[in-house]
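Asks: Quick one: the structure is below, and I'll ask about it shortly.
Derivation of every value follows stated rules applied to the coordinates shown; laboratory data play no part. None of these values were measured; they are calculated from a predicted model. Here the Cβ is made from the backbone with ideal geometry for all residues, glycine too, and neighbour counts use every protein chain on show.
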Amino acid sequence: MTTINLITKINAPKKIVFDLSRNIDVHQNSASKTNEKAIAGTTSGLINLNETVTWKGKHFGIYLTHTSKITEMELYDYFVDQMASGNFKSFKHEHCFIEKNGKTVMIDNLMYETPYGIFGKLFDNLFLKKHMTNFLKTRNEVLKNLAEN
């Protein structure tokens, strides 16, 4: 299993950051490089507990779909999205929010497994982990800019 942990400090209240983080339209904006679009389930606005969204985007030169379900949510503190269907063996993304003095520390814990045995692990080590890390960093920079402006 691969784990990516990111910490992003944002000069905004956590309610704002939390809602931006679960906003489908904001995600589509942050994923414009991969032409990612919500095509089924909750396709705009805020996604909530037990709701799903199916994404279609171009990664590594091919269009892929990924359906996530919000499996846990404690308003303004955390939420978890897990793969319901897609190209990973497993995929779980924990989003945590801690407010200190009107500023938010946003913590991403992404855990996933690739299929295809040793070939999947090799692909992950050579390309996928870096791609996923950069994808999250780009998303977080968009969230930070929106929350702070």
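Asks: Take each of the peptides 106-114, 141-149, average the number of other beta-carbon atoms within 10 Å over its residues, and list them starting from the highest. Don't skip to the answer; put the middle values down first.
Replies: On the way: 106-114: 18.1, 141-149: 15.7.
The densest-packed peptide leads the list: 106-114, 141-149.
Asks: If you don't mind, there's one more thing I want to ask. Return the label of the correct value of Rg and Dmax of the Cα atoms in Å, as calculated from the structure shown, out of (i) 15.7, 50; (ii) 14.9, 47; (iii) 16.4, 49.
Replies: Looking at Rg and Dmax of the Cα atoms in Å for this model, the match is (ii).
Asks: Let me ask another. HN-Hα J couplings of region 7-23 from phi, Karplus 6.51/-1.76/1.60, θ = phi - 60°, integer Hz, Gly and Pro as x?
Replies: With the stated coefficients, region 7-23 comes to 10, 10, 9, 10, 7, 6, x, 5, 4, 5, 5, 4, 5, 4, 5, 10, 8 Hz.
Asks: While we're here: Rounded to the nearest 500, what is the chain's calculated 222 nm mean residue ellipticity when only DSSP H runs of at least 4 contribute -39500 (n - 2.57) each, over all residues? Display every interim value, and only then the final one.
Replies: On the way: 4 runs with 42 residues, N = 149.
Value at 222 nm, helices only, nearest 500: -8500 deg cm²/dmol.
Asks: Return a whole-number percent for the relative contact order of region 2-148, with Cα pairs under 8 Å and 6 or more residues apart as the contact set. Don't skip to the answer; put the middle values down first.
Replies: Numbers: 293 pairs, mean separation 42.1, N = 147.
That works out to 29 percent.
Asks: Oh, and also: Compute the acute angle (0 to 90°) between the alpha-carbon long axis of helix 129-148 and the principal axis of greatest extent of the alpha-carbon atoms of the chain; round to the nearest 10°.
Replies: For helix 129-148, the angle is close to 20 degrees.
Asks: Rounded to the nearest 0.05, what FRET efficiency do Ile39 and Lys121 give with R0 = 22 Å and r taken as the Cβ-Cβ distance? Could you check?
Replies: Details: r = 29 Å, r/R0 = 1.34.
So, using R0 = 22 Å, E works out to roughly 0.15.
Asks: Give, as ranges by residue number, the residues of region 87-108 whose backbone N falls under 16 Å from the point 7 Å along Cα→Cβ of Thr3.
Replies: Within reach of a label on Thr3: 91-96, 107-108.
Asks: Moving on to the next point. Ordered by packing density, taken as the mean number of other Cβ atoms within 10 Å over each peptide's residues, highest first, how do 16-29, 62-75 rank?
Replies: Working: 16-29: 19.1, 62-75: 14.9.
Peptide ranking by packing, descending: 16-29, 62-75.
Asks: Let me ask something else. Keeping to pairs on different chains or 8 or more places apart, tell me how many lysine pairs in region 54-149 have Cα atoms under 14 Å apart. Intermediate values should be presented prior to the final figure.
Replies: Working: Lys69/Lys92; Lys89/Lys121; Lys103/Lys144; Lys121/Lys129; Lys121/Lys130; Lys129/Lys137.
Lysine pair count for region 54-149: 6.
Asks: How much length would be gained if the chain were fully extended between Gln82 and Glu51, taking 0.36 nm per residue of separation minus their Cα-Cα distance, in nm to one decimal? Walk me through the numbers before you get to the answer.
Replies: Values: separation 31, 0.36 × 31 = 11.16 nm, distance 1.09 nm.
Working it through step by step, the gained length comes to 10.1 nm.
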